[in-house]
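Novice: Input: one structure, supplied below.
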């Protein structure tokens, strides 16, 4: 298999060796005068970054959107935190746990460009957004607007508040290839009535990678007196942005995806003036209604995971937000541009590079997505995930910074052969 030969070649060339000490910083310093755009195409540079990961050689991993493999640096620090918390036991939990959690939340808030008074750590995007869906005050007949392409867990939560409070869910469908931002904004605007209370939108649609014009949607909704909740699961540490610049009311994300924090940490941003309107998922003791920590009680949990946030942010900062975004967009454009115009290949992601970044989705006309995913793995050694619904029929392809052009060439070859 081409993949095995490729990995063997890397090992022989010594290109998979991890950096030691501050070698990674020195490696990146060599490229400091190279633009992010130029560096995005420099395989030798990214091969060095690849050396920071321990990758299973049995398959090409193109399903990094669900959970990002931790770089060795983050993983080793995380393991050390587990040991230290275990060493201190209850002493740690009763003395510095809460302050450390608050400190880590502040680091993420700085990364997201918002106030530390507006952001808490949760366990994932689902917990964050379900807290809003289930925690705001609903009246029978109130309406919520969402898309069929939104994440299933949140769609299910809306069904639950529908049964419990009589909330009406209005579900629209986002076009895979919009002609303009205005087409998307108008789609949501036309779904709003005088009964609409909340819009749920994706920052980046998880099944196609399409980036929505969030700020324009928020401004439109606010002009009609409607709040907006954004699912940013795939945006943090993937594309550059500041949450306040989006003008949204609520924002949820998972840090185990593109920031590469260990499993078990997400964030919830709530505009300060909206905090008092939300009921906590779990009851907290007496706090000021404007104190976001009242939404943050989750009981005893793996606190060592929170501590790994600082190492994940450090690693992300070393690579550089602009460099990472440019590389991920380059990788996606590289393979999609080679298959987009092939007969029987259906690319479900916009061609405009500003409307997507690292994530894309492609299918073979007439081939069930599950069969496509199975064939890619068994015949070509490519691991991905099948998407079959919400007007999207194909496999989601999510490379990472350690993904190589040689690996994507295997994907391109596979899609061409299957399309023929």
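Novice: Residues in region 50-60: is at least one over 30 Å from residue 23 (Cα atoms) and either at pLDDT 95 or above or not in a helix (DSSP H, G or I) (or both)?
Specialist: Scanning region 50-60, I find no residue that is over 30 Å from residue 23 (Cα atoms) and either at pLDDT 95 or above or not in a helix (DSSP H, G or I) (or both), so the answer is no.
Novice: Quick one: which of 384, 404 is in the same structural domain as residue 337 (by TED's automatic domain parsing) and surrounded by 22 or more Cβ atoms within 10 Å (Cβ to Cβ)?
Specialist: Unique residue meeting the criteria: 384.
Novice: Here's another thing I want to ask about it. Can you confirm whether region 361-370 contains a residue that is in contact (Cβ under 8 Å) with a residue 60 or more places away in the chain and surrounded by 20 or more Cβ atoms within 10 Å (Cβ to Cβ)?
Specialist: Looking for residues that are in contact (Cβ under 8 Å) with a residue 60 or more places away in the chain and surrounded by 20 or more Cβ atoms within 10 Å (Cβ to Cβ), one finds at least one in region 361-370, hence yes.
Novice: Looking for whichever is modelled with pLDDT under 95 and on the phi > 0 side of the Ramachandran plot here; the options are 9, 21. Which one fits?
Specialist: 21
Novice: Within region 352-369, which residues are closer than 16 Å to residue 63 by Cβ and not in a loop (DSSP other than H, G, I, E, B)?
Specialist: 360, 361, 362, 363, 369
Novice: Does residue 98 qualify as being within 26 Å of residue 240 (Cα to Cα), assigned by TED's automatic domain parsing to the domain that holds residue 206 and either at pLDDT below 95 or in a helix (DSSP H, G or I) (or both)?
Specialist: Criteria not met by residue 98.
Novice: If you don't mind, there's one more thing I want to ask. Give me a count of the residues in region 370-420 that are touching a strand residue (DSSP E or B) at 6+ places or on another chain (Cβ under 7 Å) and assigned to a strand (DSSP E or B).
Specialist: Of the residues in that region, 12 qualify.
Novice: Still on this structure: What do you reckon, is residue 78 at pLDDT 95 or above, assigned to a loop (DSSP other than H, G, I, E, B) and under 23 Å from the mean Cα position of the chain (by Cα)?
Specialist: It is false that residue 78 is at pLDDT 95 or above, assigned to a loop (DSSP other than H, G, I, E, B) and under 23 Å from the mean Cα position of the chain (by Cα).
Novice: Separate question: Any idea which of (1) within 30 Å of residue 32 (Cβ to Cβ); (2) in contact (Cβ under 8 Å) with a residue 12 or more places away in the chain; (3) not in a loop (DSSP other than H, G, I, E, B) is the one residue 317 doesn't satisfy?
Specialist: (2)
Novice: Quick check on this structure: which one of 82, 69, 133, 120 is under 30 Å from residue 194 (Cβ atoms) and not assigned by TED's automatic domain parsing to the domain that holds residue 30?
Specialist: 133
The values are calculated or read from the model by the stated rules, or taken from the named source; none is laboratory data. Remember, predicted model here, so these are calculated numbers, not experimental data. Neighbour counts are summed over all protein chains in view; Cβ atoms, including those assigned to glycine, are modelled from backbone coordinates with ideal geometry.
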